[in-house]
Amino acid sequence: MSKKLKRASPPHHNGISPSCVILPTGSWATIADFLAHRFPHINRQTWRDRMASGMVISEDGTHILPEQAYQALRKIYYYRSLEAEAPIPFEETVLYQDEHIVVADKPHFLPVTPSGRYLQETLLVRLKRKLGIETLAPAHRIDRETAGLVLFTIQPHTRGRYQSLFQSRAVSKQYQALAPLREDLALPMTYYSRLVESPAFMQMQEAEGETNAETEITLLESHKNLARYQLRPLTGRKHQLRAHMAALGIPIANDQIYPVLQPEETNPDYSRPLKLLAESLSLIDPMTGKHHHFNSQRTLQP
């Protein structure tokens with residue numbers, strides 16, 4: 001017999017929020033049979049083990065057990081898990097926290113949110129465990145390979161106010177990058193282009209048409225053939241800074257996507273991080289009216 005959980009709404013489990021699926025019309029004998037069919041990369045025994053450990057629950061919060069009969073149109077929740085997730089050997093830092101937001105300083109190689117082969121080893125899940133805030137959610141994203149500042153919201157009912165700041169360009173973001181020196185490039189400059197999805201998975205490419213990506217680029221210092229640049233994105237296209245620097249012939253050091261997409265490494269080379277840092281964020285808090293300015297404590301070493 002199913003046993004009741006203490007909470008009616010699905011709780012988080014070790015920092016992981018549950019995923020939801022509505023059972024379609026079908027002839028599966030048990031819910032475990034359906035889940036094994038719906039997610040063929042996860043075998044039936046794995047689902048039975050998850051159910052036995054309380055990792056699949058119904059809408060009212062009861063545990064769904066392996067032998068439970070299938071019932072179409074029922075809503076169920078399940079918790080993702082990975083068989084073996086290698087730890088990422090770098091730690092994030094919380095720079096600021098109040099009742100509305102958390103600002104974290106992310107290391108290179110750590111994803112912001114769960115995806116693919118990353119679950120527990122993500123900034124969001126680490127912070128949920130560390131701070132004990134189940135409602136935490138990012139107001140924006142930076143790439144897994146990029147280090148630096150990420151702002152999270154705490155209250156679901158105010159989340160949209162912060163997200164809209166990023167969408168409307170009301171947040172000033174500044175990055176640093178290490179890349180080759182191009183002496184013939186007149187800097188500072190604002191680089192404009194149209195970025196669209198490339199046929200190559202993961203990449204963006206420039207295309208004809210209306211501009212949708214703008215980046216301010218300033219040369220801070222140089223030594224021999226390497227330079228330190230300040231990058232200020234005026235728009236927020238995917239991979240914008242990486243794509244723009246590569247288009248100018250000065251790809252960011254250790255970039256595995258631009259200008260040439262490299263095969264994804266199963267075991268990343270932690271000695272060669274992407275030399276890109278989200279170094280500062282400035283905004284007017286929409287809930288308090290306070291002016292926030294945050295600086296990363298990280299630096300880019302040549």
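Note on VAL196 and ALA29: with the Förster distance fixed at 45 Å, the Cβ-Cβ geometry gives a FRET efficiency of about 0.45.
Does region 144-209 come out rounded, prolate or oblate, given a ≥ b ≥ c as the square roots of the eigenvalues of its C-alpha gyration tensor, rounded meaning a/c under 1.5 and, failing that, prolate meaning a/b above b/c?
Since a/c reaches 1.5 and a/b is larger than b/c, the shape of region 144-209 is classed as prolate.
Carbon-plus-sulfur accessible fraction, region 145-299 (probe radius 1.4 Å, protein heavy atoms only): 47%. Between THR288 and ARG129, the FRET efficiency estimated from the beta carbon spacing at R0 = 25 angstrom works out to 0.40. The local environment of LEU226, defined by Cβ-Cβ distances under 15 Å, has a net charge of +2 under the rule Lys, Arg +1 and Asp, Glu -1. Using the Stokes-Einstein relation with a Kirkwood hydrodynamic radius computed over Cα pairs, the translational diffusion coefficient of region 167-302 at 20 °C and a viscosity of 1.002 mPa s comes to 133 µm²/s.
A 1.4 Å probe, protein heavy atoms only, puts the accessible area of VAL94 near 50 Å². When only alpha carbons of region 28-110 are considered, Rg and Dmax amount to 18.2, 51 Å. For the chain, the solvent-accessible area with a 1.4 angstrom probe is 52 square angstrom per residue. Straight-distance candidates among the aspartates and glutamates for linking to LYS75, with alpha-carbon spacing under 18 Å and chain neighbours fewer than 8 residues away dropped: ASP33, GLU59, ASP60, GLU67.
In the context of the full protein assembly, THR288 retains an accessible surface of approximately 80 Å², using a probe radius of 1.4 Å and ignoring ligands and nucleic acids. Under conditions of 20 °C and 1.002 mPa s, region 22-69 yields 198 µm² s⁻¹ as its translational diffusion coefficient, taking Rh as the Kirkwood radius over Cα pairs in the Stokes-Einstein equation.
For Rg and Dmax of the Cα atoms in Å, computed directly from the structure shown, the correct entry in (1) 20.1, 67; (2) 18.1, 55; (3) 22.4, 74 is (3).
Pairs of Lys residues in region 104-250 that lie 8 or more places apart, or on two chains, and have C-alpha atoms under 25 angstrom apart add up to 6. If you average the sequence gap of Cα pairs under 8 Å that are 6 or more apart and divide by the length of region 31-188, what percent do you get for the contact order? Once divided by the residue count of region 31-188, the mean separation gives 15 percent. For SER27, the solvent-accessible surface computed with a 1.4 Å probe is close to 120 Å², ligands and nucleic acids excluded. With R₀ fixed at 30 Å, the C-beta to C-beta distance from GLU91 to GLN155 puts the FRET efficiency at about 0.70. Based on Cα contacts under 8 Å between residues 6+ apart, the chain shows a relative contact order of 14 percent. The coefficient of translational diffusion for region 1-144, derived via Stokes-Einstein from the alpha carbon Kirkwood radius under 37 °C and 0.692 mPa s, stands at 195 µm²/s. Using the average count of surrounding beta-carbon atoms within 10 Å as a protection proxy, the listed peptides 145-158, 33-46 rank, highest first, as 145-158, 33-46.
From the Cα gyration tensor of region 97-200, with a ≥ b ≥ c the square roots of its eigenvalues, which class applies: rounded if a/c is under 1.5, or else prolate if a/b is larger than b/c, or else oblate?
Numbers: a/c = 2.07, a/b = 1.63, b/c = 1.26.
Prolate.
Computed from label points 7 Å out along Cα-Cβ, the spacing between GLN45 and ASN295 is 5.6 nm. Projecting the Cα atoms of HIS140, HIS63, LEU300 onto the charge dipole of the chain (Cβ charges, centred on the Cα centre) puts HIS63 farthest toward the positive pole.
Identify, among LEU127, LEU73, HIS100, the residue whose Cα sits farthest towards the positive end of the charge dipole of region 60-132, taking +1 on the Cβ of Lys and Arg and -1 on the Cβ of Asp and Glu, with the dipole about the Cα centre. Working it through, the farthest residue towards the positive pole turns out to be LEU73.
Gain in length, ASN14 to GLU183, computed as 0.36 nm per residue apart minus the alpha-carbon separation, to one decimal in nm?
55.7 nm
The values are calculated or read from the model by the stated rules, or taken from the named source; none is laboratory data. Since this is a predicted model, take the numbers as computed values, not measurements. Methodologically, a virtual Cβ is constructed for each residue, glycine included, from the backbone with ideal geometry; neighbour enumeration extends over all protein chains shown. Surface areas here come from the heavy atoms of the whole protein model, side chains and all, with no ligands, DNA or RNA. Shrake-Rupley method; radii C 1.70, N 1.55, O 1.52, S 1.80 Å.
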